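The values are calculated or read from the model by the stated rules, or taken from the named source; none is laboratory data. Not measured: the values here are computed from a predicted model. Just so you know, the surface numbers come from the protein's heavy atoms only, side chains and all, with ligands and any DNA or RNA stripped out. Shrake-Rupley method; radii C 1.70, N 1.55, O 1.52, S 1.80 Å.
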Amino acid sequence: MSISVVRSYLKSRISDEDSGFYEHTDGFSTGNIPTNIKSKSYFIEYQQPSNISTEGNVVLDQVTATVRLFFKGYRSVQQSIDSSMDTAHNIKLRASNISNYSSTIKRCVGTSVTIEPASTDNDNSMVVTLGLDLEIYYNVIWFTKEGIMAIS
């Protein structure tokens, strides 16, 4: 198992809410999202896990993830703000739904949902930022006497 399960899990929850979202796949920057995809695009980043506990062959880590959702306001900016916040809130609820958890992800808590203009020059485009804390359970990796890697 790897930490990349966080990205896969969040991508699935975003797609569950609206399959029309487009992922911006740059490594660290959201400043270069093309203007033609500024509406309904998203960017996922996560920090290194912190170990909560290690019990026998199971490691429990906490990972903090940030999802940025980009929207255009078009003519009715106020209505778009409400709609954008609703979409972000729904994604948070989907991510927190225990029935969506995987064999690795056992808990997801939405810590924040904030909205701001995408640019100080134009409040017609907005960014909704979702903060999420995920708990991930891993089995330890070990090697047999024969040098074969195994996961318990």
- What Rg and what Dmax come out for segment 37-99 when only alpha-carbon atoms are used, in angstroms? 16.8, 57
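What are the semi-axes of the equivalent ellipsoid for segment 89-142, taken as the square roots of 5 times the Cα gyration tensor eigenvalues, largest first, in whole Å?
Details: eigenvalues 207, 33, 11 Å².
The answer is 32, 13, 8 Å, longest axis first.
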- Expected field for Tyr101, accessible surface area in Å² at 1.4 Å probe radius, rounded to 10, holds 50 Å²
- Accessible surface of Arg94 in the full protein assembly, 1.4 angstrom probe, to the nearest 10 Å²? 90 Å²
- Query: Using 0.36 nm per residue, how much length does the chain from Ser102 to Thr66 gain when fully extended, once their Cα-Cα distance is taken away?
  - Reply: 11.0 nm
- Rounded to the nearest 10 Å², the accessible area of Lys11 using a 1.4 Å probe with every protein chain kept is 80 Å²
